[in-house]
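Notes for the one structure printed next.
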Amino acid sequence: MGTEVLWGDAEIERERVKHLDAIADARRDASLAAACEMATAGGGVLAAAAAAKKRKEKPLSGKELEILESAKVVMWAYNAPLRQISTRYQRYTAEDIESARERLVAAPTTPSPPSTRGGTTNDVDAGGARGDAACEPPSDGEDEPVDLSDGLVVGGYRGLVVERAAEGVDVRLNQIVTSVSYARPGPATMDAEVKKKKTGSRFPRRCHAAAVDESKSAAWARDPGPPRCVVTTATGEKHACDYVVIALPLGVLQRRAARSTVEFEPELSESKRRAIACVGMGVENKVIMRFDEVFWPRRAKFFQCTDQRFRFLNLHAYGKQNTLCAHVAPPFGEGFDGMTDEEVLTEVIGTLRRMFKKNNAAASTRAKLLDHRVTRWGEDPFSCGAYSYMRVGSTKADIDALRAPEHDDRVHFAGEACSVEGAQCVHGALLTGQGAAAAILRACGAAVDPSALLGGDVGLSSDDADPAAFNGDGDDVGPPESWAQCAIAQCGRWRRVPVHIPAESLPDDWTCGDCHWHEGIREHACAAPQEPWPDLPGWDDDDEASVMSAKAVWNAWTHTWKKEAEEKKSGKRGHARDWLSG
Ligand SMILES: Cc1cc2nc3c(=O)[nH]c(=O)nc-3n(C[C@H](O)[C@H](O)[C@H](O)COP(=O)(O)OP(=O)(O)OC[C@H]3O[C@@H](n4cnc5c(N)ncnc54)[C@H](O)[C@@H]3O)c2cc1C
Ligand SMILES: [Zn+2]
């Protein structure tokens, strides 16, 4: 038990110290524990209260000290000890709340929430520790105040996000990835170079370059070959693919457990490795208990106590009969001091009985435990912890580096640790995942419709989220792309070629029916309308009527073939992959 995942003596700790030594001057930082000690701004209200009391020469009573220490755990130290958490965490949280407040006041409408089958109730802080994210912008009478506090997902995430995100995707469960490699195929690049010299231009004569970012398009033109990634699993299976999204937990990227470690070939960049080492992976655990009767207040949603190890979520109030969930903070919650489940339960229930012995003595001693579940996320080799935290010495730049794609933008990264606004949380994992997917789609030349995403454009970069680009009237967004013209004279329509397909590789007699990267155009062939795009020959910005009608025709057709594809999918799943496979 607990031997499979390395914590204190892991190589990652030595690496972290090495990285921080190298940048010690630029990264001067203090822990929240030190900040509280000094009663500086980092300690906030709590430290100020303690300091005020001190000034009056009246030391805090034992009980007051206990409450103060427990409050620190609730506010900050729920997944890592205070001495390991950077003061920057408190500052960034405050900045986030401030900017969210400004955005909400400026534009009070928020994206409409996704329809849910899971169901949420937003009157409780499910983490029990993130209540500080709640804020109400000042109302000027017209704007409804927006509640930014957490919600409790009572029906699980399956219906809420998982099923919707996995729609049409070929998901293989229980596959352990052991390596992700990336290589540019040499010969294809050589061929392209030779062809380019022959034609004397970046693109062959019959392809119209609608590239907008000259520096980027030049880079792609230099290397138009299709680079390939290979994902290898523990059974030796190899999956060749154009792009990879790595959504591994930070603790796994930190190589804390041999069983889940993934090798990258070539090695990840210096900034990525530094970020992986410097950002912290914390541990929080839960002890879920069902009793034969309720001996705590039935309606209260959350109980706090002065035992710093525990906080309690009253699941009984949410329809889970006679059930309580203890959130267990480190250091005890990290590995439960090596205790067995039974020993852990004795500790938790002992605290509970002491909490309620006054107002419900008989029931609290009489109540019998029916079932229980003790989580051990720190010891799970495929989690290596619960979720990330801003460790002393890490900065926002590390989070950006964690999220940045590697290997010529073929290997993308997502997950809660890659998120600034959604760090530690499910929405951070979801939004960074959608952001990575959108970036890949755009790189393939496909437009991203933000309204089709959970949370709208919240997690997208400004380029990926531009609705103008989706409607075909953006003129300065998106990756460089080229276009191919149908060889059938009566048609002559231009079709967008995604970046991973070298335009040079298309034959001279290429027609709309050969558009293998776009299912709709391939099937409808020359009957498919031409996508409206300002840089294409024949486009006249001044002719508003024809521009409008071209867009209307294209949008209507897009809608039709997508519906067709969906209907077909009900018989044949997984077609969405065809879209991307060059
Ligand atoms: C006790 C506890 C309380 C929490 N409370 C809240 C809360 O109140 N609110 C909130 O929003 N969030 C909460 N979270 C955090 C939330 O669960 C995470 O932020 C979220 O699950 C992160 O999603 P992810 O996709 O980044 O990583 P994960 O959900 O960890 O997914 C990573 C996946 O990678 C897989 N994997 C690992 N190694 C390999 C490998 N080698 N090959 C293949 N697959 C691999 C794992 O099996 C896992 O399925 C809590 C977490 C814990 C543990
Ligand atoms: Zn055609």
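Taken over segment 331-359, the residue count meeting the criterion of being over 27 Å from residue 6 (Cβ atoms) and in a loop (DSSP other than H, G, I, E, B) is 3. For residue 202, the conditions (1) surrounded by 14 or more Cβ atoms within 10 Å (Cβ to Cβ); (2) among the basic types (Lys, Arg); (3) modelled with pLDDT under 95; (4) not assigned by TED's automatic domain parsing to the domain that holds residue 493 are fulfilled apart from (4).
For residues in segment 1-27 being surrounded by 11 or more Cβ atoms within 10 Å (Cβ to Cβ) and closer than 18 Å to residue 259 by Cα, which is modelled with the lowest pLDDT? Restricting to residues being surrounded by 11 or more Cβ atoms within 10 Å (Cβ to Cβ) and closer than 18 Å to residue 259 by Cα, the top hit is 2.
Among residues belonging to segment 371-393 that are surrounded by 13 or more Cβ atoms within 10 Å (Cβ to Cβ) and away from ligand 1 (no atom under 16 Å from the Cβ), point out the one that is farthest from residue 285 (Cα to Cα). Working first, answer last.
Looking only at segment 371-393, we keep the residues that are surrounded by 13 or more Cβ atoms within 10 Å (Cβ to Cβ), and these are 372, 374-393.
Right, trim to away from ligand 1 (no atom under 16 Å from the Cβ) and you get 391-393.
Details: 391: 19, 392: 22, 393: 25 Å.
Residue satisfying both the conditions and the ranking: 393.
Pairing residues of segment 248-272 that are at negative phi with residues that are within 12 Å of ligand 1 (Cβ to nearest atom) and modelled with pLDDT under 95, at Cβ distances under 6 Å and at least 6 apart in sequence or on separate chains, gives 256/5; 257/5.
Out of the residues in segment 485-543 that are acidic (Asp, Glu) and free of Cβ contacts under 8 Å to residues at least 12 places away in the same chain, which is surrounded by the most Cβ atoms within 10 Å (Cβ to Cβ)?
From segment 485-543, those acidic (Asp, Glu) are 504, 508-509, 514, 519, 523, 531, 535, 540-543; that's our starting set.
Those still in the list that are free of Cβ contacts under 8 Å to residues at least 12 places away in the same chain too: 514, 540-543.
On the way: 514: 17, 540: 9, 541: 9, 542: 6, 543: 11.
It comes out as 514.
May I ask you to verify whether residue 423 is in a loop (DSSP other than H, G, I, E, B) and at pLDDT 85 or above? Here the answer is yes, as residue 423 does meet what is asked. The single condition among (1) at positive phi; (2) assigned to a helix (DSSP H, G or I) that residue 437 does not meet is (1). Restrict the check to segment 556-570 and report whether at least one residue is out of contact with any strand residue (DSSP E or B) (no Cβ under 8 Å at 6 or more places or on another chain), within 16 Å of ligand 2 (Cβ to nearest atom) and assigned to a helix (DSSP H, G or I). Checked segment 556-570: at least one residue is out of contact with any strand residue (DSSP E or B) (no Cβ under 8 Å at 6 or more places or on another chain), within 16 Å of ligand 2 (Cβ to nearest atom) and assigned to a helix (DSSP H, G or I). Take segment 514-533 and flag every residue that is in a loop (DSSP other than H, G, I, E, B) and under 15 Å from residue 447 (Cα atoms). Selection gives 517, 518, 530, 531, 532, 533.
Any residue at all in segment 268-286 that is modelled with pLDDT under 50 and not aliphatic (A, V, I, L, M)? No - not one qualifying residue is present in segment 268-286. Kindly establish whether residue 456 is part of a helix (DSSP H, G or I) and at pLDDT 55 or above. When the stated conditions are applied, residue 456 does not pass them. Which ones in segment 355-368 are exposed (fewer than 13 other Cβ atoms within 10 Å of the Cβ) and touching a residue at least 40 places away in the same chain (Cβ under 8 Å)? Within segment 355-368, 366, 368 meet the criteria.
Looking only at residues of segment 360-399 that are closer than 22 Å to residue 305 by Cβ and part of a loop (DSSP other than H, G, I, E, B), we find that the one that is nearest to ligand 2 (Cβ to nearest atom) is 386. State whether the residues of segment 337-359 include one that is of a type outside the set (Val, Ile, Thr) and within 30 Å of residue 87 (Cβ to Cβ). Within segment 337-359 (the criterion being of a type outside the set (Val, Ile, Thr) and within 30 Å of residue 87 (Cβ to Cβ)), the answer is yes, since at least one residue qualifies. Scanning segment 536-573 for residues that are acidic (Asp, Glu) and over 36 Å from the mean Cα position of the chain (by Cα) turns up 540, 541, 542, 543, 544. Scanning segment 286-320 for residues that are surrounded by fewer than 20 Cβ atoms within 10 Å (Cβ to Cβ) and assigned to a strand (DSSP E or B) gives 286, 288, 290, 302, 303, 304.
The values are calculated or read from the model by the stated rules, or taken from the named source; none is laboratory data. In this text, all values refer to a predicted model and were calculated from it rather than measured experimentally. Here Cβ is always computed from backbone atoms with ideal geometry, including for glycine, and neighbour counts include all displayed protein chains.
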